[in-house]
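Taking it in order: structure first as structure tokens, then the write-up.
The values are calculated or read from the model by the stated rules, or taken from the named source; none is laboratory data. None of these values were measured; they are calculated from a predicted model. A quick note on method: Cβ atoms are made from the backbone with ideal geometry, for glycine too, and the neighbour counts reach across all protein chains shown. For accessibility, only protein heavy atoms count, side chains too; no ligands or nucleic acids. Shrake-Rupley method; radii C 1.70, N 1.55, O 1.52, S 1.80 Å.
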Amino acid sequence: QCQEAVDNFRKGAASRAETVQRISNLVSDAGQVLDKDAASRALESYIDMVLEISRSFGIQGHPPARVRERSPSRVRDRSQTDESSTDSPRKKPRANPNKYGWAAEAKAVKSSMRPEVQLTAELLREYRIDVAAAKANLLDSTIAPGMPESEWSNLLLGKPVDFDVLLTGRYSSKPDDKHVESVGDVELSYGSLDPIKKVSNFGQWIVAFEIFEAALVFAFPHRVKEVAAYRRHIYGQFETHDPIFAARVIEYDRAVRKSVSENRALLLSDIFEFSPLKDQYIGPTGANVVASSTAEASSSAGTGARSGGAGRGKSARKTEPCIRYNNGRCPNLASTCRFRHVCSACFAKGHVESDCPK
């Protein structure tokens with residue numbers, strides 16, 4: 001009956017407030033059979049469907065009113081009134097995708113797309129028809145892997161999944177925070193999770209990725225080999241770079257997944273396509289690496305100046321050689337590091353202590 005109420009709202013046969021009230025009454029009546037937690041989860045699930053449908057209809061917030069069938073006699077009786085009316089609403093013309101500027105090129109490219117790319121696109125189109133219903137069906141299936149509801153929505157819509165939210169949910173014993181949205185005189189609450197923990201090292205990334213991988217393969221079963229190849233690639237990045245550079249690898253992974261969500265012709269296993277991103281986020285001269293190092297140096301300089309100024313041993317720039325540079329592990333450039341990139345034995349530039357000729 002709750003699903004029937006949602007369907008009626010989608011068809012325009014009932015207003016949003018009427019639908020919410022109907023669902024609340026049905027769940028309340030079922031409370032005699034269900035326990036409190038089960039009834040609460042059921043109510044949230046159906047209300048979430050109503051909200052998703054409302055958002056899909058934009059500012060109006062509800063489907064257009066359903067046009068009832070009229071008998072021929074009623075049509076004849078009102079024919080003169082309809083013809084004389086000058087301000088009667090006109091039916092909105094339906095868009096013709098074949099006339100879009102990119103239609104011809106998209107059609108030509110589609111025939112040459114890889115099968116796995118086409119299958120992903122087909123599933124995304126199916127989920128987008130009613131993402132709330134798809135998510136509710138998924139969560140009610142009893143076999144879906146655990147993942148915060150907000151990230152299920154992102155996954156089903158083809159958006160990047162937030163690993164910080166996954167990590168927070170993994171180590172949180174509290175239910176998702178409740179956000180309240182008003183529908184007329186009715187207040188609705190639905191779950192979402194604000195990230196408290198941040199993925200900052202290899203171990204945390206593995207925890208988040210395993211949750212993501214299980215959910216991705218559940219919703220897109222054909223992507224199992226694709227995501228496995230990508231996992232091996234990122235593992236390799238963590239293995240070949242010192243742990244102090246873990247943040248760079250994590251940012252690279254985030255950029256790759258964002259890129260794949262924006263370019264539906266790409267797969268996570270298209271490793272070669274991500275070479276520019278790897279240079280940008282991991283390489284020593286990458287734009288994001290240099291920007292991050294410069295920001296850290298500026299922040300350190302400001303802290304040093306506020307804590308005592310130059311000449312008091314806490315200035316931003318030190319005269320001592322950089323130990324991490326001499327060990328080949330300094331993540332900063334010579335111009336931004338707080339210590340000098342010189343040999344710690346002879347204080348000369350151009351080599352480290354292990355290569356010192358003296």
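Before moving on, here are some points about what is shown:
- For the set 159/198; 278/349; 107/135; 110/225, the pairs lying more than 26 angstrom apart at their alpha carbons are 278/349; 107/135.
- Portion, in percent, of the accessible area of segment 222-293 that falls on carbon or sulfur, probe 1.4 Å: 57 percent
- Which of 112, 269, 54 is most accessible, then next, and so on - probe 1.4 Å: 112, 269, 54
- Nearest-10 value in Å² for the accessible area of residue 254, using the 1.4 Å probe: 80 Å²
- Computed FRET value (nearest 0.05) for residue 351 with residue 319, which takes r as the C-beta separation and R₀ as 22 Å: 0.75
- Calculated FRET value between residue 171 and residue 94, using beta carbons and R₀ = 45 Å, to 0.05: 0.40
- On the beta carbon distance between residue 198 and residue 258, with R0 = 22 Å, the FRET formula returns roughly 0.85.
- Area of residue 47 that stays accessible when all protein chains are in place (1.4 Å probe, Å², to 10): 10 Å²
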